[in-house]
Amino acid sequence: ESPPRDPNGMFSGMVVFFVGTGVMSLRLQIWKRKLLQMGAIFNDRFTGNVTHVFAKDANLLLEKFDKELLIRTKAK
């Protein structure tokens, strides 16, 4: 069983979106669980409140999203 989410954890304030392409689903679940435990919040959609985008590499990220969109959102 996973420890509960720490709303004051080191990743509190982060709103995360994952580009799952090229990442094994088990690994993706582990990353999500760990980030959640440390205070992050996840979005299933890339919206304006996303602060961080995780992808296997930049090419996969740019296949999914237009570079100008990423610049405008200021997501890291």
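The values are calculated or read from the model by the stated rules, or taken from the named source; none is laboratory data. Worth saying up front: this structure is predicted, and the values here are computed from it rather than measured. Note that we place each Cβ from the backbone using ideal geometry, even for glycine, and neighbour counts take in every protein chain shown. All accessible areas refer to the heavy atoms of the entire protein, side chains included, with ligands and DNA or RNA removed. Shrake-Rupley method; radii C 1.70, N 1.55, O 1.52, S 1.80 Å.
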(message) Among the residues of the stretch 30-53, what is the count of those that are part of a strand (DSSP E or B) and within 17 Å of G9 (Cβ to Cβ)?
(response) 3
(request) Could you list all residues from the stretch 46-76 that are surrounded by 16 or more Cβ atoms within 10 Å (Cβ to Cβ) and among the polar types (S, T, N, Q)? (result) T51, T73
(message) Looking only at the stretch 15-29, filter to residues that are part of a loop (DSSP other than H, G, I, E, B) and open to solvent by 70 Å² or more (accessible area, probe 1.4 Å); which one of those is farthest from K74 (Cα to Cα)?
(response) M24
(message) I'd like to verify a number: residues in the stretch 25-48 that are of a type in the set (G, A, S), under 29 Å from D66 (Cβ atoms) and out of contact with any strand residue (DSSP E or B) (no Cβ under 9 Å at 6 or more places or on another chain), how many?
(response) 2
